Each structure stands twice: as C-alpha cells, then as structure tokens.
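Readers should treat all values here as calculations from the given coordinates under stated rules, not as data from a laboratory. Here the structure is a predicted model, which means the values were calculated and not measured. Counting neighbours? That spans all protein chains shown, and the Cβs are built from the backbone with ideal geometry, glycine included.
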Amino acid sequence: MKEVLFLTPADSDPGFALTGVRQSILEVDETWPAIQAACADPDIGVIAVDARLLEGLDPAQLHTLTERWPGVMVTMPAPAGRTQPAVDELQRLVQRALGYHVKL
C-alpha cells in the first residue's frame with residue numbers, strides 16, 4: 001500500500017504526524033529537493049504540499065516532474081489570510097485525469 005506524505009512549513013508541526021501519516025517539516029528552499037526525493041520513493045503514492053511552500057517554485061518544472069510521476073500531488077490551501085498559488089490545483093488535477101483542459 002502506498003503512503004501519503006505531507007510537506008508543511010514549521011507552523012504545522014506536529015499536525016499531520018499525529019495522525020500516523022508521514023510529514024516533513026520544511027523551509028521554502030528545501031521544498032524542491034524534498035519533492036524530487038518523494039517522487040523517487042516507491043513507497044509514496046500521494047504528496048500533499050502546503051501552498052506556501054510552492055510559491056517560489058517554477059510551475060513548469062513542477063508540472064514536468066509530476067507528469068512523469070505515477071502518484072498524485074495535491075496542494076493544501078494556505079491558512080486564511082495567506083496568498084493562494086497562481087496555479088489552480090483542482091484545474092491541474094482535472095486536466096491530468098482527463099488529458100485535456102476543462103474550464104470549471
């Protein structure tokens with residue numbers, strides 16, 4: 001059975017780890033290497049990333065990596081009052097599942 005990995009900033013500690021799932025507490029500059037390592041781990045099937053950690057990443061580079069990976073990456077929205085990512089993650093998941101762009 002594949003595992004779920006939560007990538008979160010320090011203010012979410014210990015949060016998800018209390019539920020028994022894997023959680024990595026990261027700084028923004030540690031996000032890209034952590035995502036690459038998670039995609040290379042055969043035990044991980046779902047990566048849930050806090051939106052605040054994705055703000056500094058190149059969306060095209062992230063898209064290329066996740067398209068090759070057989071698992072699913074989802075973005076958890078930032079807490080209230082925080083900025084939202086430029087990419088609509090629901091739209092990206094629908095497009096990946098259907099193979100083409102559907103306007104929601």
For the stretch 8-60, what does the alpha-carbon gyration tensor say about shape, rounded, prolate or oblate, given a ≥ b ≥ c as the root eigenvalues, a/c under 1.5 as rounded, and a/b over b/c as prolate?
oblate
For the ranges 22-28, 56-62, what's the packing order if you count other beta-carbon atoms within 10 Å of each residue, average per peptide, and put the highest first?
22-28, 56-62
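Listed highest first by mean packing, meaning other Cβ atoms within 10 Å per residue, what order do 63-75, 41-53 come in?
On the way: 63-75: 14.4, 41-53: 17.8.
Top to bottom by mean Cβ count within 10 Å: 41-53, 63-75.
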